[in-house]
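Take a look at the structure set out below.
Since every read-out is calculated from the coordinates, none of them should be taken as a lab result. Everything quoted here is computed from the prediction, not taken from an experiment. Please note: Cβ atoms are built from the backbone with ideal geometry, for glycine as well, and neighbour counts cover all protein chains shown.
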Amino acid sequence: MTKRENRPRTKLTGPGFTLLMVLAAMLIASVNYGNNMAYILCFLLSSLMMVTFLYTRNNLKGLEISNVLSQPVFAGDTLEFTFELHNRTRGRRTAVYVLVHGEQADDGFSGPFSVESLSRTTGEISIIAPRRGRFILYRIILLTFYPLGLFRVEQHIRVNKVYIVYPRPVGTRQWPEREIHEDDAAEGFYARGGDDFVGVRPYRPGESMHRVDWKAVARGRPLVVKDFSGGGSNQLWFDWNQLQGMGTEQRLSQLARWVLEADQEGKEFGLRLPGDKVNLDSSPGHTTKCLERLAVFQFLD
């Protein structure tokens, strides 16, 4: 839900300030020389400036921002915000720009937008996400210079939208060898699967669909999963301590890469971080959960 912070803020632009100085000089010259034509021109331009002020200020009246949405991205990528701009008045709103202001280094800018009376339009705005973490989009700013560019009117709208930036998935290390710790064994996290096919078993909800025997399903059999045994494993643990000698951000980037690769391969995997643990799983949403933990992780020495 959005909330307006205050009344629109109106400022003179560079051309507006220049015109104001010219009008002041014309008025002084008119008084000194008693030139009626100069008086008329001065007051006509002053009236034009006042009308422009009213039009510019009125151009944001009745505009609202809603449905501000974004999808998580990786550090260094472009973060896209989508939004709806709603005009609740009977007047057309023209040449409206949209700015975003958040915790990231660069603010975004989009427009111009025109919104017909009692209607809405959609738009998007992009910012670069330079680093991982959980961030807040504090406010969206509606901005207009319409019609003559003499005034700048801003309307600040509070959003406080949280968005996630994942670690950039880079690294050169290979997957760690399969390992089973005592605490995992106690919880039942034994590795299942391998290189040698030993049969099929009923599908359990939450398992990866990569090992489903689709040929059997096509023949009318119930949903079954291929089971393997031998040297390989479809279960992996990605552990912070497996990356000794690397800095915090390097470790998180390598872990993010492993998580994505394991998801693509249909592996069942878990994640261990100092003070945090994500259990073995391969269900939908597990990869997102792991990436979010990596995004917000804070390592305390």
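Placing a pseudo-label 7 Å from each Cα along the Cα-to-Cβ vector at ASP77 and PHE43 gives an inter-label distance of 6.3 nm. Look at where the Cα atoms of the stretch 85-103 and of the stretch 117-133 average out, and the two centres are 12 Å apart. For the pair ARG9 and ALA218 in one chain, pulling the backbone fully straight at 0.36 nm per residue adds 68.7 nm over the alpha carbon distance. Applying 0.36 nm per residue to the separation of PHE109 and LYS226 and subtracting their alpha-carbon distance, the gain on full extension is 37.0 nm. Straight-line cross-link reach from LYS226 at under 24 Å between alpha-carbon atoms covers these lysines, not counting any fewer than eight positions away in the same chain: LYS215, LYS267. Spread over its residues, the convex hull of the C-alpha atoms of the stretch 1-166 is 109 Å³ per residue.
Between SER119 and ASN58, the contour length at 0.36 nm per residue exceeds the alpha carbon distance by 20.3 nm. Note on ASN35 and THR18: the model spin-label points, each 7 Å out from Cα along the C-beta direction, lie 2.0 nm apart.
If r is the Cβ-Cβ distance from GLN250 to SER283 and R0 is 41 Å, what FRET efficiency results, to the nearest 0.05?
Working: r = 29 Å, r/R0 = 0.70.
Efficiency computed from Cβ-Cβ geometry: 0.90.
With a Förster radius of 22 Å applied to the beta-carbon distance between ARG90 and ARG158, the computed FRET efficiency rounds to 0.25.
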